[in-house]
Amino acid sequence: MTIKSRAAVAFGPNQPLQIVEVDVEPPKAGEVLLRIVATGVCHTDAYTLSGEDSEGVFPCILGHEGGGIVEAV
């Protein structure tokens, strides 16, 4: 059963982020599910969003500095 969540998705370079509903798989063995309550935006996120990052792939959910609460193990 998938989990519904909201995410700020970048659909292309230099485009505004869009808040959309996404499907998240439940945690597998050795994984945890976090409810993210805050996240930072760092220079690598801005670099990817600018379109200058040759490794940037769209659409994408940016942000790798999240803080949250463990929901499931």
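Could you work out how far apart the two model spin labels at V32 and E65 are, taking each label as a point 7 Å from the Cα in the direction of the beta carbon, and quote it in nm?
2.1 nm
With an 8 Å cut-off on Cα pairs and a minimum separation of 6 or more residues, tell me the relative contact order of the chain in percent.
Computed over the chain, the figure is 39 percent.
Per 0.36 nm of contour for each residue apart, how much would the distance between L17 and F58 grow if the chain were fully extended, relative to their Cα-Cα spacing?
13.6 nm is the gain from fully extending L17 to F58.
To the nearest 0.05, how large is the calculated FRET efficiency for C42 and V73 if R₀ is 30 Å and r is the Cβ-Cβ distance?
E between C42 and V73, to the nearest 0.05, is 0.65.
Only the coordinates and a few stated rules stand behind these numbers; no lab work does. This structure is a prediction, so every number in the text was calculated from the model and none was measured. Ideal geometry is used to build each Cβ from the backbone, glycine not excepted, and the neighbour counts take in all protein chains shown.
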